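The structure appears below as structure tokens.
Rule-based calculations on the coordinates, nothing more; no lab input. These numbers come from a predicted model, not from an experiment. Every residue, glycine among them, receives a Cβ derived from its backbone with ideal geometry; neighbour counts consider all protein chains shown.
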Amino acid sequence: MAELQEVQITEEKPLLPGQTPEAAKEAELAARILLDQGQTHSVETPYGSVTFTVYGTPKPKRPAILTYHDVGLNYKSCFQPLFQFEDMQEIIQNFVRVHVDAPGMEEGAPVFPLGYQYPSLDQLADMIPCVLQYLNFSTIIGVGVGAGAYILARYALNHPDTVEGLVLINIDPNAKGWMDWAAHKEELSGNSELIQKYRNIITHAPNLDNIELYWNSYNNRRDLNFERGGDITLRCPVMLVVGDQAPHEDAVVECNSKLDPTQTSFLKMADSGGQPQLTQPGKLTEAFKYFLQGMGYMASSCMTRLSRSRTASLTSAASVDGNRSRSRTLSQSSESGTLSSGPPGHTMEVSC
């Protein structure tokens, strides 16, 4: 028998005809830079055009992370501190991201003409299927803040089969807004530099008239009519998030009381003000990671530096609404405590 020879094949991706290895590396680097910068698209919907930016490439058998921002912000000002946080990089390497800008909120958007009829929040939710169809994405994990949280919740009610999970920050499911939108943007836990930054963003926005239209739609929203044990409910895992100094706390607590306790986690973040994704991106990143692990994704993910440096402190406590038999409360201080990837239906109070 002839002696077998071991052959090693080192080139997994064949080069294009006439392409040198150096040129291939340059092309790969250019493609990676393009993905890191994001690709912005616009698509027409029955309610007007919507702009969105895509980062990364779709991963097999994994949903896209789709974000929707609050009033007075766009996707960059609302989510950039969170998704650029160091420990978030492990998450975004595993999921493609789609950041949706509400109409007229994208950078460089022209002011709508006088008399323009801005879409209702229900109609903004109905634009999302057009985005997913354009990208050929079948399912999402939604991350929304304020008005964006409401929009994603409404979308999930209408299209439950396409939503695998929701992270809803400062959601108010009730029909009438009761806080001043400019004031609650400034509730950033005494961080004067951050307060000034976002005050300037809002007050000097060239599309301030557009922002007012978005706010009017939010202020005229319908009640989501959540009912625990009823037909109108979110049927996917949900993480509700609110800052302990936010005017939205009572509304989020009420929302928590109306959702399925086996599917819902409530995260109350201390020292985070009204915008936890801006003031506490590290703590929110860690909570998001455990949320994804609870859904069966990133099971082998390493713990973040935040959790490695602390010890767990977990105690049982009564539910916030009195209807749930038991809930799990996680308290975290600057010296001890960590988020736990326990079962859904627990309350986490975090302070650092």
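Numbers for the structure displayed
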| read-out | value |
| --- | --- |
| Region 34-121: Cα Rg divided by the 2.2 N^0.38 Å rule of thumb | 1.19 |
| Residues with amide H under 5 Å from that of Glu106, placed H, sequence gap 5 or more | none |
| Inter-probe distance in nm under a simple model that places probes 7 Å from Cα toward Cβ, at Ala299 and Arg235 | 2.5 |
| For Val143, residues with placed amide H under 5 Å, excluding near neighbours | Leu66, Thr67, Tyr68, Val167 |
| Pair Arg228, Asn94: separation of 7 Å Cα→Cβ label points (nm) | 3.1 |
| For region 146-161, Karplus couplings with θ = phi - 60° (6.51, -1.76, 1.60), whole Hz, Gly/Pro x | x, 4, x, 5, 4, 4, 5, 5, 4, 4, 5, 5, 7, 9, x, 6 |
| Extension reserve of the Ser138-Thr57 stretch, reckoned as 0.36 nm per residue once the Cα distance is removed | 27.7 nm |
| Spin-label pair Gln263/Leu114, simplified geometry with 7 Å Cα→Cβ offset, distance in nm | 4.7 |
